[in-house]
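See below for the structure under consideration.
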Amino acid sequence: MSVERTWIKSSRSQNTTTCVEVTTTFDEIRDSKDPHGPTLKTAVAPLVQAIKSGRFDS
């Protein structure tokens with residue numbers, strides 16, 4: 001049985017092809033160009049906090 005998810009894309013990303021979408025439950029991410037492709041299951045809020053803090057900067 002498949003669960004229907006609702007996806008959100010940033011309003012700032014509407015005119016570009018390089019963006020991701022997140023579920024309304026903030027536990028899954030996907031490439032907006034490939035909505036039927038693979039998804040990344042993760043806790044989105046801590047991931048965003050880590051990105052904003054520069055944790056992944058090289």
(request) Could you look through segment 1-40, keep only residues that are basic (Lys, Arg) and more than 9 Å from the chain's Cα centre (by Cα), and pick out the one that is modelled with the lowest pLDDT? (result) Arg12
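Please find, within segment 20-58, the residue that is least open to solvent (accessible area, probe 1.4 Å) out of those that are of a type in the set (Ser, Thr, Tyr) and farther than 15 Å from Glu4 by Cα.
Filtering segment 20-58 for residues of a type in the set (Ser, Thr, Tyr) gives 23-25, 32, 39, 42, 53, 58.
Checking which are farther than 15 Å from Glu4 by Cα leaves us with 32, 42, 53, 58.
Values: Ser32: 25, Thr42: 45, Ser53: 88, Ser58: 162 Å².
Looking at the filtered set, the residue picked out is Ser32.
The values are calculated or read from the model by the stated rules, or taken from the named source; none is laboratory data. No experiment lies behind these values; they were computed from the predicted model shown. Heavy atoms of the whole protein, side chains included, go into the accessibility calculation; ligands, DNA and RNA do not. Shrake-Rupley method; radii C 1.70, N 1.55, O 1.52, S 1.80 Å.
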